[in-house]
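For reference, the structure discussed in these notes is given below.
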Amino acid sequence: MNKKYLPSALILYLNYFIHGVGCSILGQAVIKEALAASWGVEAMAITAISAALGLGRLIALPFAGPLSDKLGRRISTAIGSGSYAIYLIGLALAFNAGTNGGYQIAYICAIIGGIANSFLDTGIYPAVGEIIYKAPGVATMGIKFFIAIAQMILPFVLGATVATTAAGLTSYNTLFFGCGIIYIVLLVLVMLFPLPDADQKAAGEKEGLIASLKHTHFSIESVAMILIGFTCTGTFQLWLNCAQNFAKENVGWTDPSIMQTYYSAGTMLALIVTALLTRKIKDVRFIVIYPVICLATLIVVLVGKSQPLMIAGAFLIGWAGAGGLLQIATSVCNMLFPKIKGTVTALVMIASSLCNYTILTAASKMQPSQVMVMNIVLTTIGVVLGLFVNLRYTSMVEQAQADNQEKIY
């Protein structure tokens, strides 16, 4: 890594540190209750605001990726930072609006927040891979690491920022305003510090998007890579949202909330260990190894139905399902399509976002045991896709080298 890009990398990762707070705040029960009290709605109605984040992502991803390739990582990241500031500060303004349209304001702001997430993904994922070009898988897992740290400390931040308004309402506006202001600062910083793709463009080395697409071949193998974004997201999202219900109804565990701690511990540890392992093992190998671990875990949990197995399952799914697999898949796609990294990142994230919406919607209408079976089927598909990609990896690399006339490791 060129040392002159080190401050730039830190700025990019800090965007995701604050994102770790921004994407999680609406899922916190205390914040749901505070917002619901201000807007005069039921706490569960806040879930629709969370869904609007996913809607914003799906709206923006199709054009956020190509814009990142065309305009550069700096502009894409700046749009993401600015939009996130609008979302977070907008939540505070919506809280203050109360029953006078506060809920509607928050819904619109959440869509903007989803759009912000899309631009950050398509700008920062390629950018950190270009900065830490010798270990792009480690670079993208660093994004997940910063998100995980933020989510881990969020409960402590909530306690430090809670306040009571003159009307007696509980308010977290300090947190909303604070994170929004930090994003504005990050926007300014990202415009000041150098990024690799901007330097290449200045040197006349960057090819236009249309020219790149003319000789880019999206083979069956590359489509399989993109679909892994769907399957790996489904594995950990179904577990995260439904495994505790399975533990209650099928294992007889009254309070399985401790599973979340083991899940988070597995994720954090995996990000460190996997980053070290990628020095010896090709990134693409994890795309089959980790889904196999998840599949075996899900089958054992479904058959065994015991508290120790649920705890072990939470740790292993946190490790192999949520511990950077989506980031590795994105990294491999970027490696195979180095001239349209933003676009290909968008494709993987669209697959991931579609999974969030469709699979979780289906799961909401099923029994926990049925969800576990669905997760097994989905993860099996992921294993098959991973095997196919690994078997065809050499030909994929050769095609990428032919397309881009450069060495692909």
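The values are calculated or read from the model by the stated rules, or taken from the named source; none is laboratory data. Predicted model only: the values in this text are computed from it and were never measured. No Cβ is skipped: glycine too gets one built from the backbone with ideal geometry, and neighbour counts run over all protein chains shown. Heavy atoms of the whole protein, side chains included, go into the accessibility calculation; ligands, DNA and RNA do not. Shrake-Rupley method; radii C 1.70, N 1.55, O 1.52, S 1.80 Å.
Some notes on this structure:
- Qualifying residue in region 276-285 (condition: under 24 Å from N390 (Cβ atoms), modelled with pLDDT of 95 or more and in a helix (DSSP H, G or I)): no
- Any hit, region 249-261, residues being touching a residue at least 60 places away in the same chain (Cβ under 8 Å), more than 20 Å from the chain's Cα centre (by Cα) and assigned by the TED database to the domain that holds F236: yes
- Qualifying residue in region 8-28 (condition: in contact with a strand residue (DSSP E or B) (Cβ under 6 Å, 6 or more places away or on another chain), assigned to a helix (DSSP H, G or I) and in the same structural domain as A150 (by the TED database)): no
- Options A314, A362, A322: the member that is surrounded by 24 or more Cβ atoms within 10 Å (Cβ to Cβ) and modelled with pLDDT under 90: A322
- Between T379, T358, T343, the distinction of being within 22 Å of M225 (Cβ to Cβ), assigned to a helix (DSSP H, G or I) and without any contact (Cβ under 8 Å) to a residue 40 or more places away in the chain belongs to T358 only.
- From the list L55, L35, L61, the lone residue that is open to solvent by 30 Å² or more (accessible area, probe 1.4 Å) and closer than 23 Å to Y357 by Cβ is L55.
- Those helices (runs of 4 or more DSSP H) lying entirely in region 43-131 with at least 1 residues hydrophobic (A, V, I, L, M, F, W, C), modelled with pLDDT of 95 or more and in the same structural domain as K144 (by the TED database): 73-97, 102-131
- Filter pass, K305 being open to solvent by 10 Å² or more (accessible area, probe 1.4 Å), in the same structural domain as T233 (by the TED database), farther than 15 Å from A139 by Cα and more than 19 Å from the chain's Cα centre (by Cα): yes
- Residue within region 147-161 that is out of contact with any Lys or Arg (no Cβ under 7 Å at 6 or more places or on another chain), at pLDDT 90 or above and of a type outside the set (G, A, S) present: yes
- Scan region 99-155 for residues that are open to solvent by less than 10 Å² (accessible area, probe 1.4 Å) and more than 20 Å from the chain's Cα centre (by Cα) and the total you get is 2.
- Residues of region 361-370 that are in contact (Cβ under 8 Å) with a residue 60 or more places away in the chain and either within 22 Å of the chain's Cα centre (by Cα) or outside any helix (DSSP H, G or I) (or both): A363, Q367.
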